[in-house]
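**Q** My structure is below; once you've seen it, I'll send some questions.
The values are calculated or read from the model by the stated rules, or taken from the named source; none is laboratory data. Keep in mind that this is a model prediction, so the values were computed, not measured. Note that we place each Cβ from the backbone using ideal geometry, even for glycine, and neighbour counts take in every protein chain shown.
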Amino acid sequence: MLVFGTVIATRPHQVRIKIHEFDEFESGWYFVPQLCTVKDKSSNSLAINTEVAACVTDDFEDGCIIGALYNDEDVCILEDENVKLLSFEDGTIFKYDKTEHKHTVDVKGQIYVKAADKVIFDCEVEMTKNLKVAKDVFDKKGSMQAMRDVYNPHTHSNGNNGLPTGKPSVEM
C-alpha cells in the first residue's frame with residue numbers, strides 16, 4: 001500500500017514515519033533505499049520532518065521509503081529538467097547543467113582530494129587565488145626549485161646600495 005508521511009525518527013538506513021492518512025499513525029522502522037549496498041556503498045539519510053512516500057504492508061509492520069517529496073513549505077529550488085542539483089543546508093552545491101555542459105561546485109569549506117597515483121587535468125586551468133604547493137612545481141622544462149638553485153646565488157658587478165646594478169653574472 002502507498003502511504004505518505006513525515007519522518008519522525010532516523011537511524012542508519014532506516015526511518016520511522018507518521019502516516020498522515022491513518023490518523024498520524026507512527027510506523028515501525030522502514031528501510032531507506034540506497035544507490036548501492038554490496039561492493040560499492042552509498043549512504044543517503046533523511047532528515048526529521050522530511051515528507052516521504054512509502055510502500056508498506058497492510059499492517060504497517062514493514063515498509064520501504066520510495067522517496068522524499070517537496071511540499072508547500074519545502075519547495076523545489078530548481079525547475080529545469082536539464083540541471084541536476086544537490087544543495088546542502090550550509091549553502092554548498094553540486095550542480096550540473098547538461099545544456100551548458102557546466103559542472104558547478106560551490107563548497108562552503110575545504111575540498112580534500114587524495115589519489116593513489118595522480119590527478120590529471122586535460123584542460124586549461126585558471127585560478128583566482130594563490131596556489132600553495134607543499135612540494136616542487138614542474139613545467140615541461142624543469143622545476144621551479146631547479147630554476148631558483150641556478151639563479152638565486154648570482155652576483156652583480158657593482159653591488160647595489162640603492163643604486164642601479166650591473167647585469168647579474170648568470171642571466172635567467
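**Q** Considering only the range 88-104, I want to know if a residue exists there that is within 25 Å of residue 31 (Cβ to Cβ), in a loop (DSSP other than H, G, I, E, B) and not polar (S, T, N, Q). It would help to see each step written out before you state the result.
**A** Taking the range 88-104 as the starting set, the residues that turn out to be within 25 Å of residue 31 (Cβ to Cβ) are 88-89.
Next cut, in a loop (DSSP other than H, G, I, E, B) only: 88-89.
Narrowing further to those that are not polar (S, T, N, Q): 88-89.
Taking every residue of the range 88-104 in turn, at least one turns out to be within 25 Å of residue 31 (Cβ to Cβ), in a loop (DSSP other than H, G, I, E, B) and not polar (S, T, N, Q).
**Q** Which condition from (1) in a loop (DSSP other than H, G, I, E, B); (2) under 27 Å from residue 87 (Cβ atoms) is the one that residue 61 breaks?
**A** Failed condition: (2).
**Q** Looking only at the range 64-83, how many residues end up being hydrophobic (A, V, I, L, M, F, W, C), part of a loop (DSSP other than H, G, I, E, B) and surrounded by 10 or more Cβ atoms within 10 Å (Cβ to Cβ)? Reasoning before the result, please.
**A** First, pick out the residues of the range 64-83 that are hydrophobic (A, V, I, L, M, F, W, C): 64-66, 68-69, 75-78, 83.
If we keep only those that are part of a loop (DSSP other than H, G, I, E, B) as well, we get 69, 75-78.
Checking which are surrounded by 10 or more Cβ atoms within 10 Å (Cβ to Cβ) leaves us with 69, 78.
The total comes to 2.
**Q** Also: In the list 66, 120, which residue meets the criterion of being at pLDDT 90 or above, among the aliphatic types (A, V, I, L, M) and under 30 Å from residue 4 (Cα atoms)?
**A** Checking each option against the conditions leaves just 66.
**Q** Can we say residue 35 is in contact (Cβ under 8 Å) with a residue 40 or more places away in the chain and exposed (fewer than 10 other Cβ atoms within 10 Å of the Cβ)? Reasoning before the result, please.
**A** On the way: in contact (Cβ under 8 Å) with a residue 40 or more places away in the chain: no; exposed (fewer than 10 other Cβ atoms within 10 Å of the Cβ): yes.
Here the answer is no, as residue 35 does not meet what is asked.
**Q** Does residue 126 fit the bill of being farther than 30 Å from residue 28 by Cβ and either assigned to a loop (DSSP other than H, G, I, E, B) or modelled with pLDDT under 95 (or both)?
**A** Values: farther than 30 Å from residue 28 by Cβ: yes; either assigned to a loop (DSSP other than H, G, I, E, B) or modelled with pLDDT under 95 (or both): yes.
Criteria met by residue 126.
**Q** Checking the conditions here, which among 47, 54 is among the hydrophobic types (A, V, I, L, M, F, W, C), in contact (Cβ under 8 Å) with a residue 40 or more places away in the chain and surrounded by 13 or more Cβ atoms within 10 Å (Cβ to Cβ)?
**A** After applying the criteria, what remains is 54.
**Q** Hey, among 56, 75, which residue is β-branched (Val, Ile, Thr) and in contact with a Phe, Trp or Tyr (Cβ under 9 Å, 6 or more places away or on another chain)? Quick ask: steps written out before the conclusion?
**A** Working: 75 fails: in contact with a Phe, Trp or Tyr (Cβ under 9 Å, 6 or more places away or on another chain).
Only one candidate passes the filter, namely 56.
**Q** I would also like to ask the following. Please identify the pairs in which a residue from the range 84-102 that is surrounded by 11 or more Cβ atoms within 10 Å (Cβ to Cβ) has its Cβ atom under 7 Å from the Cβ atom of a residue that is assigned to a loop (DSSP other than H, G, I, E, B), counting only partners at least 6 apart or on another chain.
**A** 85/78; 87/77; 92/107; 92/108; 97/82; 98/82
**Q** Taking the range 119-152, which residues are of a type in the set (Lys, Arg) and either touching a Pro at 6+ places or on another chain (Cβ under 8 Å) or surrounded by 10 or more Cβ atoms within 10 Å (Cβ to Cβ) (or both)?
**A** Keep residues of the range 119-152 that are of a type in the set (Lys, Arg), which gives 129, 132, 135, 140-141, 148.
148 - this is the single residue of the range 119-152 that is of a type in the set (Lys, Arg) and either touching a Pro at 6+ places or on another chain (Cβ under 8 Å) or surrounded by 10 or more Cβ atoms within 10 Å (Cβ to Cβ) (or both).
**Q** If you don't mind, another one. Quick check, is residue 32 within 30 Å of residue 133 (Cβ to Cβ), at pLDDT 95 or above and not polar (S, T, N, Q)? Let's see the steps before the verdict.
**A** On the way: within 30 Å of residue 133 (Cβ to Cβ): no; at pLDDT 95 or above: yes; not polar (S, T, N, Q): yes.
No; evaluated as a whole, the condition is false for this residue.
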